[in-house]
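We did not get these values from a lab; they are worked out from the coordinates using the rules stated. Source: prediction; values computed, not measured. Note: ideal-geometry Cβ built from the backbone for every residue, glycine included; neighbour counts use all protein chains shown.
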Amino acid sequence: MNTDYDYQALTAEAETRAKELVGRVLVGVQVNVIEPEFNFVHLETDAGGYAIRPEIGGEYVGVRKLDGPLNFESSDGSHLIPYAPFTRFIGKRIAEIHTIGKAWEGHGFEICFENMPNHSMLIMSMESAVTPEDYSDCLRLGIGEYDNAHET
């Protein structure tokens, strides 16, 4: 861990920004790809856009509110794509956001949506004990899928 940074303060700031999304309706979602890695997630809400991305060297996930529409021009071969697993959340209101992990240990967010108790959006930093070789400073994306009762 790099001791030049106050990770507790940085992750607390990211959590505060993430909480701004609660109550907002997701109207679009795109992922920036720098082959083969996910570099950031762009969430467009009814209150504007947010970029969720790895910060510093991927040690934690930051949240940035965008000042206006996403203007994206690539000089490094990166590109924006829809991320099919996340399209199920478009048109849904964000009900809650949970912080997952901590810096250097798979820090990120679980985003929960109204009327979707068994699925959530997961956005996490790649930097953790299970980081695949040749990946760094990028994101791990997923869907939380939950069971609430045992069916016989």
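Points worth noting:
- Each peptide in 7-18, 105-116 was scored by the mean count of other Cβ atoms within 10 Å over its residues; highest first, the order is 105-116, 7-18.
- Counted by neighbouring Cβ atoms within 10 Å, the residues SER120, SER78 run from fewest to most as SER78, SER120.
- Ranked by the mean number of other Cβ atoms within 10 Å of their residues, highest first, the peptides 138-147, 44-53 come out as 44-53, 138-147.
- A protection proxy built from the mean count of other Cβ atoms within 10 Å ranks the segments 29-42, 87-100, most packed first, as 29-42, 87-100.
- Ranked VAL27, VAL61, criterion: other C-beta atoms within 10 Å, fewest first: VAL27, VAL61
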